[in-house]
2 protein chains.
Amino acid sequence: MTFSRLDTHCRKLEAMEHALSMLRVDEAVMMPAGGGDKRAEAVATLAGMYHQQATAPEIADWIADAEAEDLNAAQKTALIEFRRDYLNKTCLPVAFVERQTAANMRSEQMWRALRPAGDWAEFLPALEAVVAAMREEAALRADVLGLAPYDALMEQYDPGNRAAAVAPVFDDLKRFLKSFIPEALEHQAQRRARRPMKPMNGPFPVERQRALGLSMMGALGFDFTHGRLDVSHHPFCGGVPTDVRMTTRYETREFLSALMGTLHETGHALYEQGLPTEWSHWPVGRARGMAIHESQSLFVEQQIARSDVFWSWAMPHLAEHLGEDAVAGWDLEDMLAHVHHVEPGFIRVDADEATYPLHVILRFEIEQELVSGALRPSDIPEAWNARMVEYLGLSTLDNPRDGAMQDVHWPAGAFGYFPSYTLGAMIAAQQWAALEASHPGAREDIARGDFTAINAWRRTQIWQRASTLSTPDLLVAATGEPLSARFFEAHLRRRYLG
Amino acid sequence: MTFSRLDTHCRKLEAMEHALSMLRVDEAVMMPAGGGDKRAEAVATLAGMYHQQATAPEIADWIADAEAEDLNAAQKTALIEFRRDYLNKTCLPVAFVERQTAANMRSEQMWRALRPAGDWAEFLPALEAVVAAMREEAALRADVLGLAPYDALMEQYDPGNRAAAVAPVFDDLKRFLKSFIPEALEHQAQRRARRPMKPMNGPFPVERQRALGLSMMGALGFDFTHGRLDVSHHPFCGGVPTDVRMTTRYETREFLSALMGTLHETGHALYEQGLPTEWSHWPVGRARGMAIHESQSLFVEQQIARSDVFWSWAMPHLAEHLGEDAVAGWDLEDMLAHVHHVEPGFIRVDADEATYPLHVILRFEIEQELVSGALRPSDIPEAWNARMVEYLGLSTLDNPRDGAMQDVHWPAGAFGYFPSYTLGAMIAAQQWAALEASHPGAREDIARGDFTAINAWRRTQIWQRASTLSTPDLLVAATGEPLSARFFEAHLRRRYLG
Ligand SMILES: [Zn+2]
Ligand SMILES: [Zn+2]
């Protein structure tokens with residue numbers, strides 16, 4: 001049986017992924033600094049062994065042989081994704097990967113050293129090497145996959161996503177936001193004039209914030225027998241589906257950033273915990289790409305946890321866990337003023353849900369020009385500045401640190417990834433609309449803190465489908481129509497102009 | 001270069017050991033219960049991959065080729081230990097190992113289920129299968145290694161240790177203890193009559209006990225940039241030399257068991273942290289077996305941390321970390337009454353340093369008879385009882401749960417391991433005597449809480465030698481003479497009859 005040979009092979013890969021994943025969690029949560037060098041060596045060696053085994057040439061024959069076998073439906077679906085995964089993993093020659101890895105590592109190290117001072121000129125040569133390698137990579141992938149170069153890059157993160165389909169939706173959203181943001185800011189200013197924003201009644205002890213976060217995670221459906229919450233410098237959701245490791249980071253002067261971060265990661269965690277367990281070792285059993293993953297975190301963060309009904313339920317819990325003084329004298333509107341604050345800024349990761357997409361669209365547009373060669377790396381600062389001025393009214397010309405040097409993605413060689421963030425936000429809004437159409441009581445559920453029906457819908461429509469469908473097909477299957485910006489736009493209008 | 005091929009191979013094995021080691025730590029310290037099944041699967045798969053790579057037949061040729069190369073002294077020493085390690089790993093046929101693993105796993109599971117009720121009769125058939133496999137294993141190992149069967153088993157844990165050398169030393173110690181223990185108990189009774197033992201002023205909050213333990217670990221030389229202390233159900237010292245993970249377990253009604261456990265594991269940890277870092281991927285760079293490892297933990301626990309001078313230094317720290325009330329009204333003698341309490345009992349792991357060796361000698365004697373076939377598994381309860389009555393005056397005939405069913409070692413198939421515990425205690429005492437001969441101020445150092453010179457001696461004499469010498473040769477190199485019971489006996493006399 002050739003399929004069973006693939007199956008055994010998958011279980012080996014799963015064991016190595018398990019180890020690599022847990023070593024990364026341990027490194028961020030537990031490891032003392034002196035353990036770093038040997039840990040890096042162990043992880044690099046294991047990752048190399050993993051890559052070697054995952055890309056072994058005989059697997060191509062096993063796949064072809066298995067395709068000729070008499071398989072059940074689940075095996076057939078598994079095999080399609082297995083072939084796609086194997087093709088994506090093997091389409092770059094080993095010598096090229098080594099050269100590219102060296103260029104990317106050097107550039108990321110230089111970026112870490114030069115970003116604090118915003119030394120773009122010194123950093124540029126390293127980035128030029130990364131962009132050159134990336135263009136080579138895009139061409140190689142495009143050739144094997146039969147895709148346009150930029151699509152071949154996106155394909156790694158969101159299988160099936162194509163610039164030709166995504167760009168018009170982003171254009172629509174951009175047009176909308178350029179007029180919406182000034183309106184929302186005007187609306188916000190009027191509200192603030194009527195009722196000034198209240199400062200938080202801190203400090204908020206870490207242990208109390210943690211208790212609050214755990215209680216909210218539990219209410220949202222996080223299964224603590226299959227996961228836990230810890231602390232790390234950069235919050236993440238890692239581990240494996242049977243043991244999801246989430247982290248957050250606490251500041252004592254305010255509790256909202258840790259809490260919203262925890263709820264965001266809870267969205268990622270619910271997706272992992274909801275994947276079909278019997279397929280965990282097959283590529284088809286994994287979460288479907290970055291955009292869908294981000295749609296699950298943003299579904300919890302933006303659709304659920306920034307809604308007025310959520311806070312009408314959550315306010316008493318704040319008092320319970322943070323203490324009566326924490327929100328003494330606050331009503332729902334005071335809380336929402338913090339949760340719905342809009343403010344254009346330089347930094348993507350600090351952006352609110354209304355301005356965030358413009359940061360992404362800017363990068364999406366520049367990326368495509370870098371891939372096509374229309375833009376050279378040395379032109380980035382001007383292109384960046386022009387768009388920042390146009391989209392958000394902010395100039396970054398004298399400030400590369402908070403401009404093109406703010407993200408690790410390009411310095412580390414990741415191109416085609418940025419769109420996923422805003423695709424996730426739009427997909428989350430589209431899912432919410434579909435859910436509400438089939439379950440009109442969804443908002444009342446949230447107001448009662450009852451997430452059972454909402455999670456049941458997501459489990460059936462998203463989680464249990466794992467990677468059986470491409471990203472756009474999964475969206476159609478779940479919501480009945482292809483990607484559209486209008487759900488996210490309606491969401492923003494309701495929340496910020498309502 | 002064949003040696004460099006071995007070197008690369010060793011780095012791969014080290015990476016897999018690193019992952020396995022850290023997964024075990026994570027499992028005990030962090031993992032939620034629901035992660036257990038998939039973790040067990042991942043660890044079993046990785047352990048299988050490790051074994052396959054470590055025992056690959058081509059390595060025999062690499063070793064032979066490397067032995068013919070022009071190597072430096074370190075490489076030559078590395079190669080000797082590499083051959084020894086490879087031989088020990090490959091001397092059992094794969095089919096036998098699979099059969100034995102199944103028998104051992106079944107027996108260990110049955111032991112876990114049947115131990116609470118002490119159901120020896122129900123357990124016996126599973127143990128009989130384990131003993132049969134163990135005798136086969138001993139014969140196979142003996143054949144390949146050219147050793148007597150029991151020696152071939154011990155060789156896995158303490159290379160170079162032979163029953164012919166160990167048994168007379170154990171006999172000497174046994175003779176000594178049979179008269180010493182009644183004397184020590186009489187002495188203790190007289191002291192207690194003059195001054196009754198004081199109950200502890202608990203409860204002792206966990207956070208305070210933890211602060212005390214961390215402060216003592218630091219004073220003893222534990223490097224917190226290369227390790228940490230956590231909590232687990234069964235305390236252990238794991239991880240890797242650059243990142244040593246220790247655990248302990250706290251009870252709030254008394255602080256001594258957690259503290260002494262922490263100090264014991266600190267002894268193991270100092271050994272790991274003191275190994276030569278540049279050899280970490282070679283078998284020769286590892287700690288030299290179980291007896292030497294236990295000598296390092298017992299050196300800290302018994303020679304240092306149960307000494308009067310240690311407590312004269314430590315008493316003020318108790319007050320500092322546990323609070324003034326913790327030892328209010330206690331003087332040094334009150335503390336030592338707890339630290340030096342002797343009491344014969346059924347359970348090895350609960351035994352004090354004076355009675356513990358008799359538990360080990362009993363097992364050592366029975367093990368040898370099981371290996372030779374002089375004793376059948378069904379005879380164990382009677383043999384156990386006879387020796388318990390003779391050595392410690394306690395009968396276990398109606399109580400197999402606290403007799404032969406108390407330890408996991410035999411149910412899990414580990415024979416030849418028990419001697420290491422008491423060898424460790426004797427070696428620790430012998431090392432202390434050698435250290436004091438070369439550094440007469442060692443006790444004053446402890447009284448001042450200064451462990452610099454003591455650790456410097458251990459680093460040179462033990463830690464940095466790693467596995468360059470066999471267990472008995474390492475002892476001679478460090479102390480100038482072969483194993484003798486007289487140092488441990490003198491230690492007990494000084495402490496309990498002084
Ligand atoms: Zn996210
Ligand atoms: Zn120990």
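In the stretch B:133-148, which residues are open to solvent by less than 60 Å² (accessible area, probe 1.4 Å) and in a helix (DSSP H, G or I)? Passing the criteria: B:Ala133, B:Met134, B:Glu137, B:Ala138, B:Ala139, B:Leu140, B:Arg141, B:Ala142, B:Leu145.
Summed over the stretch B:299-323, the residues that are within 14 Å of ligand 2 (Cβ to nearest atom) and closer than 27 Å to B:Thr252 by Cβ give a count of 4. If you check A:Ser179 against the conditions, is it assigned to a helix (DSSP H, G or I), within 19 Å of the chain's Cα centre (by Cα), away from ligand 2 (no atom under 16 Å from the Cβ) and not aliphatic (A, V, I, L, M)? It is false that A:Ser179 is assigned to a helix (DSSP H, G or I), within 19 Å of the chain's Cα centre (by Cα), away from ligand 2 (no atom under 16 Å from the Cβ) and not aliphatic (A, V, I, L, M).
For the stretch A:30-49, indicate whether the set of residues that are within 14 Å of chain B (Cβ to nearest Cβ), charged (D, E, K, R) and in contact (Cβ under 8 Å) with a residue 12 or more places away in the chain is non-empty.
Yes, the conditions are met somewhere in the stretch A:30-49.
Taking B:Arg387 as the residue in question, decide whether it is under 22 Å from the mean Cα position of the chain (by Cα), basic (Lys, Arg), under 25 Å from B:Ser179 (Cα atoms) and crowded, with 16+ Cβ neighbours inside 10 Å. Answer is no for this residue. Counting residues in the stretch A:251-265 that are within 17 Å of the chain's Cα centre (by Cα), within 14 Å of chain B (Cβ to nearest Cβ) and within 11 Å of ligand 1 (Cβ to nearest atom) gives zero. If you go through the stretch A:221-248 and keep only what is in a loop (DSSP other than H, G, I, E, B) and within 18 Å of the chain's Cα centre (by Cα), you end up with A:Ser232, A:His233, A:His234, A:Pro235, A:Phe236, A:Pro241. Inspection of the stretch A:200-207 identifies no residue that is away from ligand 2 (no atom under 16 Å from the Cβ), of a type in the set (S, T, N, Q), part of a helix (DSSP H, G or I) and farther than 13 Å from A:His264 by Cα.
Summed over the stretch B:19-47, residues that are touching a helix residue (DSSP H, G or I) at 6+ places or on another chain (Cβ under 9 Å) and over 15 Å from A:His226 (Cβ atoms) total 11. Just one of the numbered conditions (1) open to solvent by 20 Å² or more (accessible area, probe 1.4 Å); (2) farther than 27 Å from B:Asp308 by Cβ is not true of B:Gln461: (2). Which members of the stretch A:1-29 meet the condition of being open to solvent by less than 40 Å² (accessible area, probe 1.4 Å) and more than 9 Å from chain B (Cβ to nearest Cβ)? If the condition is that a residue be open to solvent by less than 40 Å² (accessible area, probe 1.4 Å) and more than 9 Å from chain B (Cβ to nearest Cβ), then A:Thr2, A:Phe3, A:Leu6, A:Asp7, A:His9, A:Cys10, A:Leu13, A:Ser21 are the ones that fit. For A:Pro411, the test of being outside any helix (DSSP H, G or I) and open to solvent by less than 20 Å² (accessible area, probe 1.4 Å) is passed. If you check A:Asp243, A:Asp223 for being of a type in the set (Asp, Glu), open to solvent by 10 Å² or more (accessible area, probe 1.4 Å), more than 16 Å from ligand 2 (Cβ to nearest atom) and more than 23 Å from A:Ala337 (Cβ to Cβ), only one passes: A:Asp223.
Within the stretch B:93-132, being farther than 14 Å from B:Pro411 by Cβ and open to solvent by less than 30 Å² (accessible area, probe 1.4 Å) holds for one residue alone: B:Phe96.
Among residues that are in contact with a His (Cβ under 7 Å, 6 or more places away or on another chain), farther than 19 Å from A:Gly323 by Cβ and within 14 Å of chain B (Cβ to nearest Cβ), A:Asp243 is included. Within the stretch A:88-103, can one find any residue that is more than 24 Å from A:Asp379 (Cβ to Cβ), of a type in the set (Gly, Ala, Ser), in a helix (DSSP H, G or I) and out of contact with any Pro (no Cβ under 7 Å at 6 or more places or on another chain)? Yes, the conditions are met somewhere in the stretch A:88-103. I'd like to know if the stretch B:67-78 contains one or more residues that are out of contact with any helix residue (DSSP H, G or I) (no Cβ under 7 Å at 6 or more places or on another chain), open to solvent by less than 60 Å² (accessible area, probe 1.4 Å) and away from chain A (no Cβ under 14 Å). So far as the stretch B:67-78 goes, yes, one or more of its residues are out of contact with any helix residue (DSSP H, G or I) (no Cβ under 7 Å at 6 or more places or on another chain), open to solvent by less than 60 Å² (accessible area, probe 1.4 Å) and away from chain A (no Cβ under 14 Å).
The values are calculated or read from the model by the stated rules, or taken from the named source; none is laboratory data. As the structure is a computational prediction, the values presented were derived from the model and not from experiment. Positions of Cβ are backbone-derived with ideal geometry, glycine not excepted, and every protein chain shown enters the neighbour counts. Ligands, DNA and RNA are excluded from the accessible area calculation, which covers all protein heavy atoms including side chains. Shrake-Rupley method; radii C 1.70, N 1.55, O 1.52, S 1.80 Å.
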